[in-house]
Structure formats: structure tokens, C-alpha cells
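The values are calculated or read from the model by the stated rules, or taken from the named source; none is laboratory data. None of these values were measured; they are calculated from a predicted model. Note: ideal-geometry Cβ built from the backbone for every residue, glycine included; neighbour counts use all protein chains shown. Ligands, DNA and RNA are excluded from the accessible area calculation, which covers all protein heavy atoms including side chains. Shrake-Rupley method; radii C 1.70, N 1.55, O 1.52, S 1.80 Å.
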Amino acid sequence: MDYARFVRRLELPAGYTAPGALTYEDVTARAISRADLVADVQGINASLDLIRRTRGGGWPTEPVTEDFNFVDLVWHELEFRDNYSFAYAVYDAAGQYLGCCYFYPMGRRTPLAAHLLQHDVDVSWWVTPDAYQRGYYAKLYAALRQWSTAAFPFKSPYFSNREIPQAERGAPR
């Protein structure tokens with residue numbers, strides 16, 4: 001069967017409310033909102049090549065404007081509210097913007113295929129070049145591995161980034 005045109009909704013308990021903030025060591029992720037607009041635009045535009053190399057996918061295709069990104073952030077807010085997907089802006093302990101992370105339904109970012117049916121969420125992330133140099137790309141991956149099953153009701157996350165940091169043996173992709 002060809003699953004590529006399907007998107008599988010996130011399976012969440014009735015009345016589920018996703019965490020508004022997540023912490024791991026000196027990393028804090030909070031539900032992305034319009035309040036993150038300026039930092040997000042600057043972060044995206046400084047990271048175009050790095051996002052393509054590490055996260056992969058078809059976004060971003062070009063630098064974003066505040067007007068364009070404002071619409072995107074409202075869209076993320078609505079999807080978060082409706083439990084369709086969860087997007088977070090990520091900061092370090094000093095409040096410096098590091099990047100974003102996403103919990104999407106399977107089939108939305110990565111075309112669904114038979115070998116992916118075992119997974120219940122598509123997890124991806126990106127960081128700015130400065131954050132990458134400071135080791136936050138790998139640190140955020142470790143945080144996401146913890147959050148995806150401890151802070152969310154997911155059992156089998158699929159980490160869809162093109163570049164997956166080295167992790168201990170047996171760690172899920």
C-alpha cells in the first residue's frame with residue numbers, strides 16, 4: 001500500500017494538554033508564539049544553510065520576513081492549541097535564542113511509508129550556527145529523546161533530521 005499521501009494524527013489521551021515549557025539541563029523549550037517573532041526571524045535567517053544540512057526538508061526556501069513569520073507563528077499556536085502538532089522555541093539559561101523543535105504527526109514532514117508505521121510522532125529540530133558551535137544541536141537531540149517519551153505520551157518517536165548526532169548504542173532514530 002502507498003502511505004505517502006496519508007498523515008496519521010497524533011494519538012493523545014482525551015483532554016490532553018501539551019507542556020507549555022520543557023527543560024533539560026540549561027535548555028528551555030517553550031511553546032512558540034508571536035512573542036518569539038524577532039528572535040525566530042533572526043535565527044531562521046542566520047541559519048538557512050545549517051537548517052538545510054541538519055534538519056533537511058523543504059523549509060526554509062529563502063530568508064523570512066517578520067510579516068511572513070508572524071503568520072507561521074500564529075499557525076503554530078493554533079496547531080498547538082488544537083493538539084495537532086507542537087512547536088517550541090528553544091533558549092539557553094541566559095535567555096539566548098537557540099532554535100526550534102517540532103513534534104509533528106507522522107506523514108506531515110516525512111512521507112509516511114510502511115517502515116515508519118511503528119512510529120507515533122515525527123520529531124525534528126534546528127539550531128542557529130552559534131548554538132551548533134556551542135554543542136546545542138546534540139544537546140537538544142538528547143533533550144528531545146527524553147521529552148518525547150517522558151513529557152509527552154509518545155512511545156516510538158521518529159527523529160527525522162538529516163543529521164542525527166551520535167548517541168549511545170541502541171538509541172532510536
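Residues in region 85-105 that are over 13 Å from the mean Cα position of the chain (by Cα) and in contact (Cβ under 8 Å) with a residue 40 or more places away in the chain: how many?
We begin by selecting, within region 85-105, every residue over 13 Å from the mean Cα position of the chain (by Cα); these are 91-97.
Those still in the list that are in contact (Cβ under 8 Å) with a residue 40 or more places away in the chain too: 91-93, 97.
Final tally of qualifying residues: 4.
Taking the criterion of being open to solvent by less than 20 Å² (accessible area, probe 1.4 Å) and not hydrophobic (A, V, I, L, M, F, W, C), would at least one residue in region 66-76 satisfy it? Let's see the steps before the verdict.
First pass over region 66-76, keeping only residues open to solvent by less than 20 Å² (accessible area, probe 1.4 Å): 69, 73, 76.
When the remaining residues are screened for being not hydrophobic (A, V, I, L, M, F, W, C), the result is 69, 76.
Checked region 66-76: at least one residue is open to solvent by less than 20 Å² (accessible area, probe 1.4 Å) and not hydrophobic (A, V, I, L, M, F, W, C).
Quick check, is GLY57 surrounded by fewer than 15 Cβ atoms within 10 Å (Cβ to Cβ) and on the phi > 0 side of the Ramachandran plot? Spell out how you get there, then give the answer.
Working: surrounded by fewer than 15 Cβ atoms within 10 Å (Cβ to Cβ): yes; on the phi > 0 side of the Ramachandran plot: yes.
Considered against the rule, which asks whether it is surrounded by fewer than 15 Cβ atoms within 10 Å (Cβ to Cβ) and on the phi > 0 side of the Ramachandran plot, GLY57 comes out as yes.
Can you name every residue in region 135-157 that is part of a loop (DSSP other than H, G, I, E, B) and either without any contact (Cβ under 8 Å) to a residue 40 or more places away in the chain or touching a helix residue (DSSP H, G or I) at 6+ places or on another chain (Cβ under 9 Å) (or both)? Steps first, answer last, please.
Of all residues in region 135-157, those part of a loop (DSSP other than H, G, I, E, B) come to 135, 151-156.
Selection gives GLY135, PHE154, LYS155, SER156.
Return yes or no: is VAL41 surrounded by fewer than 19 Cβ atoms within 10 Å (Cβ to Cβ), modelled with pLDDT of 95 or more and outside any strand (DSSP E or B)? It would help to see each step written out before you state the result.
Values: surrounded by fewer than 19 Cβ atoms within 10 Å (Cβ to Cβ): no; modelled with pLDDT of 95 or more: yes; outside any strand (DSSP E or B): yes.
It is false that VAL41 is surrounded by fewer than 19 Cβ atoms within 10 Å (Cβ to Cβ), modelled with pLDDT of 95 or more and outside any strand (DSSP E or B).
Out of THR65, THR61, THR54, which single residue is modelled with pLDDT under 95, more than 13 Å from ALA89 (Cβ to Cβ) and among the β-branched types (Val, Ile, Thr)?
Values: THR65 fails: modelled with pLDDT under 95; THR54 fails: modelled with pLDDT under 95.
Testing whether each residue is modelled with pLDDT under 95, more than 13 Å from ALA89 (Cβ to Cβ) and among the β-branched types (Val, Ile, Thr) leaves just THR61.
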